[in-house]
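Please read the structure below before turning to the comments.
The values are calculated or read from the model by the stated rules, or taken from the named source; none is laboratory data. Nothing here was measured: the structure is a model prediction, and the numbers come from that model. Here the Cβ positions follow ideal geometry from the backbone for every residue, glycine too, while neighbour counts run over all protein chains shown. Only protein heavy atoms, including side chains, enter the accessible area calculation; ligands, DNA and RNA are left aside. Shrake-Rupley method; radii C 1.70, N 1.55, O 1.52, S 1.80 Å.
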Amino acid sequence: MSVIVTDTGFAADDWDCGFVAHGEAAANDCDYGVDLASDTDPAILAGLMNAPMIRVDFPSFADGRGFTLATMLRRAGYKGRMRAKGHVIADQYAMARRSGFDEVEIDDDLAARQPEPQWLSRANWQENNYQARLRG
């Protein structure tokens with residue numbers, strides 16, 4: 001099971017259509033989400049602009065390539081829903097939101113180790129962005 005983290009706290013997953021790896025066809029008529037690995041070639045991102053949901057994998061909390069992919073997708077004009085999945089910790093939530101993710105998917109074990117109040121304390125990610133304050 002997994003927990004979805006948003007600016008309002010923990011929630012159940014409301015995405016019903018499932019996910020397929022980039023380049024695979026969906027097995028149903030549903031608008032499926034696209035799973036991207038952290039080492040995805042940025043050249044393929046332009047072909048994902050119509051995907052309703054993109055989920056980027058974080059194999060380790062020390063692997064920040066997913067933040068770069070999210071930023072590149074948003075700068076290219078992606079308007080759909082974007083989710084970080086895997087080893088994202090509460091301390092990285094603000095960075096995930098600033099780079100373009102709408103939500104974070106964590107497993108139940110991480111949710112138990114880092115409960116909802118730890119994530120909510122980072123939900124004011126727009127107020128604590130020192131780079132934006134410096135740009136003025």
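Results, tabulated for the structure shown:
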{"item": "Computed FRET value (nearest 0.05) for residue 63 with residue 30, which takes r as the C-beta separation and R₀ as 22 Å", "result": "0.15"}
{"item": "Three-way shape call for segment 30-69 based on the alpha-carbon gyration tensor, with the a/c threshold at 1.5", "result": "oblate"}
{"item": "Check: the chain dipole with +1 on Lys, Arg Cβ and -1 on Asp, Glu Cβ, in debye", "result": "880 debye"}
{"item": "Solvent exposure of the chain as accessible area per residue, Å², 1.4 Å probe", "result": "56 Å²"}
{"item": "Stretchable slack from residue 71 to residue 107, in nm (0.36 nm times residue separation minus alpha-carbon distance)", "result": "10.6 nm"}
{"item": "Label point distance in nm, residue 116-residue 39, each placed 7 Å from Cα along Cα→Cβ", "result": "3.8 nm"}
{"item": "For the chain, share of DSSP beta bridges that run antiparallel, in % to the nearest 5", "result": "30 percent"}
{"item": "Accessible carbon and sulfur surface of the chain relative to its total accessible area, %, 1.4 Å", "result": "50 percent"}
{"item": "Net charge of neighbours whose Cβ lies under 14 Å from the Cβ of residue 59, counting Lys and Arg as +1 and Asp and Glu as -1", "result": "-3"}
{"item": "Charge dipole magnitude, Cβ of K and R +1, D and E -1 - segment 46-110, Cα centre, debye nearest 20", "result": "540 debye"}
{"item": "Cα gyration tensor category, rounded, prolate or oblate, for the chain with a/c compared to 1.5", "result": "oblate"}
{"item": "Estimated FRET transfer efficiency (residue 12, residue 124; beta-carbon r; R0 22 Å; 0.05)", "result": "0.40"}
{"item": "The chain: relative contact order as a whole-number percent, Cα under 8 Å and 6+ apart", "result": "26 percent"}
